[in-house]
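Each remark here refers to the structure printed beneath this line.
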Amino acid sequence: MSESVYLNISVQPEDFEIGTELQQLRAATPQAGALVNFVGLVREMSAAGQISEMVIEHYPAMTEKALQQIAQQAAQRWSLLGIRMIHRVGPLTAQAQIVLVAVTSLHRQAAFEACAFMMDYLKTEAPFWKKEIGGFGQHWVEARVSDEQAKQQWQKNSGKSPT
Amino acid sequence: MNITILYFARIKEVVNYSSEEVALPDGVETIVALKSWLSGRGDTWQKLFSGGGVVRAAINHELVDDMATFEDGDEVAFFPPVTGG
């Protein structure tokens, strides 16, 4: 089933237009009965204070491959029709869009769960690093234990997979 | 053997460069052995690998654990836990 899933993954400095992206995903998977998407944004405030800019560094040779593997895992675990992932890199302003994960499937449950699964894996396995810049100076964002726990939850529940 | 090592994010800033080619002595063929060999370069390196922060590793663009082995010509990368999304 996973061979027939439409997969489109981009790592880019440019912004994206959500409407256009979702429209394209729908056009590529006309059988879809459900479309779920997540958009991550640069927060205006961090614990250290107001953020003026965020810089996202990545490991170019590994990034797309890692996202591809995450999408393929989701496609093996749920019955999906299409996946669109975009992750931006480089300097971003406060409130900018960082990431888009969009999923289509026949019914909503698969799309909801696969979208959450891919974000949880992206947060812990895709080689991106955020640096926050503001009046406080600049610092690298620390990884959150809760992100790792969210991923482990999926590993525990792997028996639930409808394959 | 000869390998390429890449450094990213906070670790790149600590090391002060982003990549290097190294010729390793016999027996250094796991991530844990490489960390220990690099730690022999001095304080900065020792703190990096044995200090509080976690250092993750990849071999040829795949995340690996400390016991993973690499071969001549491989690309090894060291970086902090990822924070994308």
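Read the figures in this text as sums done on the coordinates, not as results from a lab. Owing to the predicted nature of the structure, the values given are computational and were not obtained by experimental measurement. Here Cβ is always computed from backbone atoms with ideal geometry, including for glycine, and neighbour counts include all displayed protein chains.
Within the range A:77-87, is there a residue that is under 24 Å from residue B:57 (Cα atoms), touching a residue at least 60 places away in the same chain (Cβ under 8 Å), loosely packed, with under 15 Cβ neighbours inside 10 Å and within 14 Å of chain B (Cβ to nearest Cβ)? No, the range A:77-87 contains no residue that is under 24 Å from residue B:57 (Cα atoms), touching a residue at least 60 places away in the same chain (Cβ under 8 Å), loosely packed, with under 15 Cβ neighbours inside 10 Å and within 14 Å of chain B (Cβ to nearest Cβ).
Here the range A:115-156 is the region considered, the condition is being without any contact (Cβ under 8 Å) to a residue 60 or more places away in the chain, under 16 Å from residue A:84 (Cα atoms) and crowded, with 22+ Cβ neighbours inside 10 Å, and the residue that is nearest to the other protein chains (Cβ to nearest Cβ) is A:122.
Quick check on residue A:112: is it aromatic (Phe, Trp, Tyr) and either within 14 Å of chain B (Cβ to nearest Cβ) or not in a helix (DSSP H, G or I) (or both)? Spelling it out, it is not the case that residue A:112 is aromatic (Phe, Trp, Tyr) and either within 14 Å of chain B (Cβ to nearest Cβ) or not in a helix (DSSP H, G or I) (or both). Condition (residue is among the small types (Gly, Ala, Ser) and under 25 Å from residue A:137 (Cα atoms)) applied to the range A:52-59: is it met by at least one residue? Yes, because at least one residue in the range A:52-59 is among the small types (Gly, Ala, Ser) and under 25 Å from residue A:137 (Cα atoms). For the range B:56-85, what are the residues that are of a type in the set (A, V, I, L, M, F, W, C), in a loop (DSSP other than H, G, I, E, B) and either within 16 Å of residue B:22 (Cα to Cα) or away from chain A (no Cβ under 12 Å) (or both)? Listed by number, the residues that qualify are B:67, B:68, B:70.
Residue-wise test of (1) touching a residue at least 24 places away in the same chain (Cβ under 8 Å); (2) surrounded by fewer than 17 Cβ atoms within 10 Å (Cβ to Cβ); (3) of a type in the set (A, V, I, L, M).
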position	(1), (2), (3)
B:2	yes, yes, no
B:5	yes, no, yes
B:8	yes, no, no
B:17	no, yes, no
B:23	no, yes, yes
B:31	yes, no, yes
B:44	yes, yes, no
B:53	yes, yes, no
B:56	yes, no, no
